[in-house]
Structure formats: structure tokens, C-alpha cells
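The values are calculated or read from the model by the stated rules, or taken from the named source; none is laboratory data. What you see is a predicted model, and the numbers here were worked out from it, not measured in a lab. Here the Cβ is made from the backbone with ideal geometry for all residues, glycine too, and neighbour counts use every protein chain on show. Quick note on the areas: whole protein, heavy atoms, side chains included, nothing else; ligands and nucleic acids left out. Shrake-Rupley method; radii C 1.70, N 1.55, O 1.52, S 1.80 Å.
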Amino acid sequence: MSEITNSIAFLKKQKWVDLSHNIYGGIPYFQSFRPMQEKTLVTVKNDGFFAKEYQLVTQYGTHIDAPVHFVEDRVSVDQLPIKDFLLPLIVINKEKEVEENPDYSVTVADIKDFEAEHGEIPANSFVAFASGWSKRWDDPEAFYNVDQNGQAHTPGWSLEALKYLHEERDVTAIGHETLDTDSAIDCTKNSGLIGELYWLQQDKFQVEVLNRLTELPAVGGAISIGVPKVKDAPGFNVRAVAIVPEK
């Protein structure tokens, strides 16, 4: 057998974890948009085959953000290098901290502590922030977590942490479980998503609204991202899968 065949056989023996949520009209979504709509066009009973029409925004459910999402005249989804859809997966788990403080932001100190325990984050990897927030998915109010004053409380990345991952570690992509890169409180304080803007300005991508990250090991895994080739799209719903060592 060829090396590729052997490699596939090896991967099939590992643990595969679906990191994408099912999508439908009732899921949490970015409030500037609207829920997915669907319509049955034909059925097997009446027409001999089954087909449906879906209307959804590009950033819906578990989705990828291309640089052009925030920066004009930059790379769109169909222009991203396809080799970057399979990357080493690094998972920084801060579920306990987020349980205690839903406004938590990953810091440079968090990353350095992680590296002290697990080794230096390799270049050209995918770094995910496991917050446990996806466990709120079936309760949209808990997922949005908006207080009586209208302020949301959700975790995110600090700008300094993102700069470290880019400038010091040359990470290819990041991911998280929430709707935004920045914590909601930082977004309010900074009058915008400055962390997300910074990351996409580097011609790098991210995957948002990931699921089950807290089930994954810190190192030793890989992430595979199924990305539709939609011309000039700023993002799109994806099927993300983690492949991690079978214990």
C-alpha cells in the first residue's frame, strides 16, 4: 500500500470528534442577521426526488471567517489555501476560568503557561480556545448571556494573545465556541471587535461557534475543515472535525 493509504488507515483508527453544530432556524446567531429559512421544493412522493432551498447568512452556525469578512480587497473563502484546511490542533482549555468569569479573555500569560506545560505552540497550527460555551447551545438566552442592562457577557481572546499567536508563533488559524473573537465586554469597551479585526488583517482565518472543544486533548490532534467553494464569500458554514489519538 502507498504511504497515503497507510496514513488514512492510521487516521481512521483514531478518535474523530464532530466540532460543528447542526444548523436550523432556532439556533443562536449574530443579531445583525436573521435565522436560516428553509423551503421544500420537491418531494419523492410527488416529484420522484427530494430537494430543499435554504437561505442563510454566510456567518451562521459553525463557520469560517475569511480576511475579506473585515478587510476590503482581501482573501475570500474560495481563495484560502486548501492545505490550510488540515492543520495540527492545539487546544487551550479555560473552561474553569470561564465558569467563574463569563467575561474571561485568553491572555498572553495563559498561552505561556500552556507552553510551559505542553511545549511551544508550533507554527502553521490551529489554536482553539475551549471555553465550554458550546454547552449552552440548546439555550439561546444562556448562549447570548445578556444582562438586564443589555450587556452581553461572553468570553473571548485578548488582542495581546492574538498578537502573540501571530507575531511570536506564526499560527495559521484560531477557533472558539462563541459568536465573536473578542469577549463581549471588550467589544463594548473598545467599541468594536478589535481582536477579530487584527486577526483577519493578517490574512489569516478563524472558525467560530465550534462545538465540543473541551473534550479534546491539549496537543497531539489535528483539525479538518470542510469548506464550500463559494466565489468571493466572506465566510460560510463548515463541517469541522478533530482527529485525536484514541486512548
Residue within region 18-27 that is aromatic (Phe, Trp, Tyr) and either more than 30 Å from Ile90 (Cα to Cα) or exposed (fewer than 14 other Cβ atoms within 10 Å of the Cβ) (or both) present: yes
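Residue-wise test of (1) under 29 Å from Ala242 (Cα atoms); (2) of a type in the set (A, V, I, L, M).
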residue: Ile27; (1), (2): yes, yes
residue: Leu41; (1), (2): no, yes
residue: Asp47; (1), (2): no, no
residue: Val57; (1), (2): yes, yes
residue: Leu89; (1), (2): yes, yes
Single unsatisfied condition, Lys135 versus (1) over 15 Å from the mean Cα position of the chain (by Cα); (2) more than 14 Å from Thr181 (Cβ to Cβ); (3) assigned to a helix (DSSP H, G or I); (4) not aromatic (Phe, Trp, Tyr): (1)
Where Phe143 falls short, out of the listed (1) touching a Pro at 6+ places or on another chain (Cβ under 8 Å); (2) not in a helix (DSSP H, G or I): (2)
Counted residues, region 184-204 - those being closer than 21 Å to Ile121 by Cβ and not basic (Lys, Arg): 8
Filtered residue count, region 34-73, keeping only those that are open to solvent by 50 Å² or more (accessible area, probe 1.4 Å) and over 25 Å from Gln202 (Cβ atoms): 18
Residue list for region 86-111, filter: closer than 18 Å to Val207 by Cβ and open to solvent by less than 40 Å² (accessible area, probe 1.4 Å): Leu87, Leu89, Ile90, Val91, Ile92, Lys94, Val106
In region 137-178, residue surrounded by the most Cβ atoms within 10 Å (Cβ to Cβ) [restricted to those that are of a type in the set (Gly, Ala, Ser) and over 17 Å from Phe114 (Cα atoms)]: Ala173
Lys83 being open to solvent by 80 Å² or more (accessible area, probe 1.4 Å) and basic (Lys, Arg): yes
The listed residue being out of contact with any strand residue (DSSP E or B) (no Cβ under 8 Å at 6 or more places or on another chain), under 18 Å from Leu19 (Cα atoms) and not charged (D, E, K, R), out of Gly175, Gly132: Gly132
